[in-house]
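**Student:** Please read through the structure below; I'll follow up with questions.
The values are calculated or read from the model by the stated rules, or taken from the named source; none is laboratory data. Quick caveat: nothing in here was measured; it's all calculated off a predicted structure. Cβ sites come from the backbone with ideal geometry, for glycine too, and all protein chains shown count toward neighbours. These area figures cover heavy atoms from the full protein model, side chains too; ligands, DNA and RNA do not enter into them. Shrake-Rupley method; radii C 1.70, N 1.55, O 1.52, S 1.80 Å.
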Amino acid sequence: MKKLFLLLVLLLSAASLSAKGVYDGADAETKKLIGEVDALIYQKQYATAFGRLSDETNEYIIAKRVEVAINYYVQSMMHQMFAFKNLDEDDDIEEVRGETGTYSLIFYNPEDVIKKFVEQNGEKPILDYALGLYYEDVHNRYGEDWLIPEDEIVENTCKYLLKAFEQGYYDSWSLSVLGTALYRHKDYEQAIQVYESKEKEYKMTGTDNYHLGILYWIVDDYQKGLEHVIVSADQYEDIPDYQADAYIVSARIALDMNDYKTTEKYLDLCYSKYPDDYRIYQYRICLYAAQKMNKKVVENGLILFTYGVDNPKTCQLLIEGCNDYNNTTAAFDFFKTAIKQYKKNNAALANLYFHYAYEFYLIDNDAEAAKYAKEARKYFYKSNTMTEEIDGLLKQLCGETTD
């Protein structure tokens, strides 16, 4: 699941504050100016657009300038200084950002501008809205490498977007950002409420449905979780990596529901489109271990093992899959079969014997753990893969240390 919220990154760069309704409170003159700036943005005249928004006494103009700053810069230094450029029709701003160039940086700190305005005029929800999206963009661009700790950036995103939301200043995009920020902040119930609010007013994107499905899963509302992730899989038809994720998560949720038929359905569907995804075999192991179908556990374990015969992760995933469903017998069956199959591969045997010993260690069978750890040691030396760390673990498995 750690991976799942990295899906937002591709969308963040396209964020815009100027959604319908957000600027409804502005006066006619301000709305006219914002419309002219939107036209300049459409023409990719980003430097000119930023320059038109110099009035720091009008909260709507301030918010619009924050939008231009975070979305249409060509260079940024910690989102405290920005450079802008008017582009040609065929230019792509992301490509321009990746090119070398000499630009004049403008000192512009949205935090300071908004703070100064609030001190003189009081809080305004449009500025909470703008500042929340500013912090989200900071998080997207800089993560833990910014001026304040990463968790504080996320807290600020939640704080300001929630204040704006509670006062009716939100749109489809800001609700998605807020839901994600609340997830990062581990405020799962409130994140669900935000996504549910979006669901009532706006069309849910594939990412929205995926995130909401994950959130329902976290709070053990499996049926709703499954329904939303399945919908996201259809919406991700043109994004293979995301669709594969959605199929796998659908299978995992169904497995938590003990719905083995649905689990198999989505693993098979993932296989039909993305047969090289190792997670298909990882969760087939879980599926069959849960049903005590040990031959199928072994079959899928052998396939998973081919993804890295000398990689400890392949064995670890099999052990986890079997042990999570109280089926150590299936794990032992796998190791016995694989050891015979790879009898001429020293690196594979080192990996297999080590984890065979470890499985015995986990069930407190110290004698068998020591026996197979000694076999593993032999093959680590034969394959020239012995390390100080591995040697230390082998000594522990062999009962040669009290650590």
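**Student:** Can you confirm whether residue 314 is open to solvent by 70 Å² or more (accessible area, probe 1.4 Å), in contact with a helix residue (DSSP H, G or I) (Cβ under 9 Å, 6 or more places away or on another chain) and without any contact (Cβ under 8 Å) to a residue 40 or more places away in the chain?
**Tutor:** Numbers: open to solvent by 70 Å² or more (accessible area, probe 1.4 Å): no; in contact with a helix residue (DSSP H, G or I) (Cβ under 9 Å, 6 or more places away or on another chain): yes; without any contact (Cβ under 8 Å) to a residue 40 or more places away in the chain: yes.
For residue 314, the condition - open to solvent by 70 Å² or more (accessible area, probe 1.4 Å), in contact with a helix residue (DSSP H, G or I) (Cβ under 9 Å, 6 or more places away or on another chain) and without any contact (Cβ under 8 Å) to a residue 40 or more places away in the chain - is not met.
**Student:** Let me ask another. Just give me the residues in segment 20-42 being touching a strand residue (DSSP E or B) at 6+ places or on another chain (Cβ under 9 Å) and free of Cβ contacts under 8 Å to residues at least 12 places away in the same chain, in sequence order. Explain how you work it out, then say what you get.
**Tutor:** Of the residues in segment 20-42, the ones touching a strand residue (DSSP E or B) at 6+ places or on another chain (Cβ under 9 Å) are 39-40.
Correct list: 39 only.
**Student:** Quick one: would you say residue 288 is open to solvent by less than 20 Å² (accessible area, probe 1.4 Å), touching a residue at least 40 places away in the same chain (Cβ under 8 Å) and not hydrophobic (A, V, I, L, M, F, W, C)? Before you say what the answer is, go through the steps one by one.
**Tutor:** Numbers: open to solvent by less than 20 Å² (accessible area, probe 1.4 Å): yes; touching a residue at least 40 places away in the same chain (Cβ under 8 Å): yes; not hydrophobic (A, V, I, L, M, F, W, C): yes.
Yes.
**Student:** Moving to a separate point now. Can you pull out every residue in segment 134-190 that is among the β-branched types (Val, Ile, Thr), assigned to a helix (DSSP H, G or I) and over 15 Å from the mean Cα position of the chain (by Cα)?
**Tutor:** Within segment 134-190, the subset among the β-branched types (Val, Ile, Thr) is 138, 148, 153-154, 157, 177, 180.
Next cut, assigned to a helix (DSSP H, G or I) only: 138, 153-154, 157, 177, 180.
Within segment 134-190, 138, 153, 157 qualify.
**Student:** Of the residues 339, 319, only one is under 28 Å from residue 271 (Cα atoms), part of a helix (DSSP H, G or I) and either acidic (Asp, Glu) or open to solvent by 20 Å² or more (accessible area, probe 1.4 Å) (or both); which? I'd like the intermediate steps shown before the answer.
**Tutor:** Numbers: 319 fails: either acidic (Asp, Glu) or open to solvent by 20 Å² or more (accessible area, probe 1.4 Å) (or both).
Only one candidate passes the filter, namely 339.
**Student:** I would also like to ask the following. Looking for whichever is more than 26 Å from residue 179 (Cβ to Cβ) and at pLDDT 95 or above here; the options are 48, 100. Which one fits? Don't jump to the end; show me each part of the working.
**Tutor:** Values: 100 fails: at pLDDT 95 or above.
Residue meeting the stated conditions: 48.
For (1) of a type in the set (Val, Ile, Thr); (2) open to solvent by less than 40 Å² (accessible area, probe 1.4 Å), each residue gets a yes or a no:
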{"site": "356", "(1), (2)": "no, yes"}
{"site": "359", "(1), (2)": "no, yes"}
{"site": "367", "(1), (2)": "no, no"}
{"site": "373", "(1), (2)": "no, yes"}
{"site": "382", "(1), (2)": "no, no"}
{"site": "385", "(1), (2)": "yes, no"}
{"site": "388", "(1), (2)": "no, no"}
{"site": "394", "(1), (2)": "no, yes"}
{"site": "398", "(1), (2)": "no, yes"}
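**Student:** Test each condition in (1) open to solvent by less than 60 Å² (accessible area, probe 1.4 Å); (2) closer than 24 Å to residue 140 by Cβ; (3) out of contact with any Phe, Trp or Tyr (no Cβ under 8 Å at 6 or more places or on another chain) for residue 107 and report the one that comes out false.
**Tutor:** Among (1) open to solvent by less than 60 Å² (accessible area, probe 1.4 Å); (2) closer than 24 Å to residue 140 by Cβ; (3) out of contact with any Phe, Trp or Tyr (no Cβ under 8 Å at 6 or more places or on another chain), the lone unmet condition for residue 107 is (1).
**Student:** Checking residue 76 against (1) touching a residue at least 40 places away in the same chain (Cβ under 8 Å); (2) buried (at least 21 other Cβ atoms within 10 Å of the Cβ); (3) in contact with a strand residue (DSSP E or B) (Cβ under 7 Å, 6 or more places away or on another chain), which test does it fail?
**Tutor:** (2)
**Student:** Only residues that are open to solvent by 20 Å² or more (accessible area, probe 1.4 Å) and either of a type in the set (S, T, N, Q) or outside any helix (DSSP H, G or I) (or both): list them for segment 36-72, please.
**Tutor:** Across segment 36-72, the qualifying residues are 43, 44, 45, 48, 52, 54, 55, 56, 57, 58.
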